[in-house]
1. Report whether or not A98 is within 11 Å of the ligand (Cβ to nearest atom), small (G, A, S) and more than 25 Å from C282 (Cα to Cα).
2. In region 93-112, what residues are closer than 29 Å to N165 by Cβ and either without any contact (Cβ under 8 Å) to a residue 60 or more places away in the chain or among the aromatic types (F, W, Y) (or both)?
3. Among the residues of region 62-77, is there at least one that is in the same structural domain as D237 (by TED's automatic domain parsing) and touching an Asp or Glu at 6+ places or on another chain (Cβ under 8 Å)?
4. All but one of (1) within 14 Å of the ligand (Cβ to nearest atom); (2) farther than 30 Å from E375 by Cβ hold for I40; state the number of the condition that does not hold.
5. Six or more apart or on different chains, Cβ under 6 Å: which pairs go from a residue in region 215-237 that's farther than 17 Å from A303 by Cβ to one that's among the β-branched types (V, I, T) and assigned to a loop (DSSP other than H, G, I, E, B)? Could you list them?
6. Can you tell me which residues in region 339-360 are among the small types (G, A, S) and part of a helix (DSSP H, G or I)?
7. If H269 satisfies all but one of (1) closer than 19 Å to V91 by Cβ; (2) part of a strand (DSSP E or B), what's the number of the condition it fails?
Amino acid sequence: MTIPVVMPTYARYDLAFERGEGAWLYTVDGRRFLDFGSGIAVTALGHAHPKLVKALQDQAAKVWHTSNLYHIPGQKRVAELLVANSFADTVFFCNSGAEANEGAIKMSRKFHQSRGSDRYRTMVCVNAFHGRTLATIAAGGQAKHLSGFAPMVQGFDHVPFGNLNEARAAITGETAAILVEPVQGEGGITAASADYLRGLRQMADEFGLLLMFDEVQTGIGRTGKLYAHQWADITPDIVTTAKGLGGGFPVGAILATEQAASAMAAGTHGTTYGGNPLAMACAEAVLTEVLSAGFLDGVNATAHTLWDGLRALANRYPTVISDVRGMGLMIGLKAVADGGNGVLVKELMERGMLTVPAGDNVVRLLPPLIVGEAEITLALQTLDAACAAIAQGTA
Ligand SMILES: *Cc1c(COP(=O)(O)O)cnc(C)c1O
């Protein structure tokens, strides 16, 4: 056998971690790394947060799983937190971002078909990322994710991100919904303007479409509000959330208005694990912390400091970094050289700092929301050293 026992679908970095604490990860051989990737925007409260550890341990000693054949008290508590702090009236719990998006797409079809309409198509954006299931790779529409997996799931129309005229022109009598990331994550940390999101809301109203935001990466305080669309002060019909929601425990959710969910009667959708007591204990602890007084103010203050430092860095190294973009603590550094994002990620890693590459030659900075001032300073110093080495050709 030459195939590894772990199926080699990832080109992994040669690092393995044994434990973490706050913004730090420690390898099995004792080296420490400043974690500015947060497991791809997942460990929102950092590693081994005492309140999360306690919530999971307490629940683990009680009951792990019962199935959704019975009431799960934790689901009601987490749903109440989400409903009280968002546009939503109701929540469906699942296990991942892709599963949340699949469910949202299903909901938009069901919404229209239950009203006797045959609308089923979802308008999505070029360069989007919505997950790796058959429907969500079709929604993302990226050749590198679709290749070899034909036939493609039907029902997705791609329009350029940020362009309202093209979106309007693409609407047909079969369009059921619009699905957009408020900040494109995997695509390269491209933030939609508030005007664009508001324009989509108006368009959805005018044509009777459901407006769905994929906030799998942008949600749970990542941009400085619980959900990124809240900066635009608009009310979507459906929002999908996952990544940060469990702080590292797998969990996802679909948030919806009463109207958007009106056709989701018993038996219409389901999941075995979704919203199990362990996941709900973690999500409740994460949300309680993120929604506590001053927490999001702290995220915005931290983001402000980091952005200032990154703009100065980009000015110092114009041959290395061409752009600083994103929102809050979801930041992209666009590299100048071809493949420069991979080089910068590697240079940072060699200096003890973890970041994540994204599309469009971008390095993603996704620190835990609890990252401290000293760690921001250290990250900026490490970035400076890495950029200096690249600029001087000594990388
Ligand atoms: C990560 C991500 C997904 C997929 O989430 P999984 O939990 O990996 O299925 C979907 N949409 C966006 C915007 C994401 O960033």
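The values are calculated or read from the model by the stated rules, or taken from the named source; none is laboratory data. Keep in mind the model is a prediction, meaning the values are calculated, not measured. Backbone-built Cβ (ideal geometry, glycine too); neighbour counts: all protein chains shown.
1. Details: within 11 Å of the ligand (Cβ to nearest atom): yes; small (G, A, S): yes; more than 25 Å from C282 (Cα to Cα): no.
Here the answer is no, as A98 does not meet what is asked.
2. F111
3. yes
4. So I40 meets the others, but not (2).
5. Every condition considered, the pairs that remain are D237/T257.
6. Kept after step one, since they are among the small types (G, A, S), are these residues of region 339-360: 339-340, 342, 352, 358-359.
Passing the criteria: G340, G342.
7. All conditions pass for H269, except number (2).
Here is a yes/no grid of residues against (1) surrounded by fewer than 20 Cβ atoms within 10 Å (Cβ to Cβ); (2) of a type in the set (D, E, K, R):
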residue	(1), (2)
M1	yes, no
M7	yes, no
R19	yes, yes
V42	no, no
L56	yes, no
V63	yes, no
V91	no, no
G103	no, no
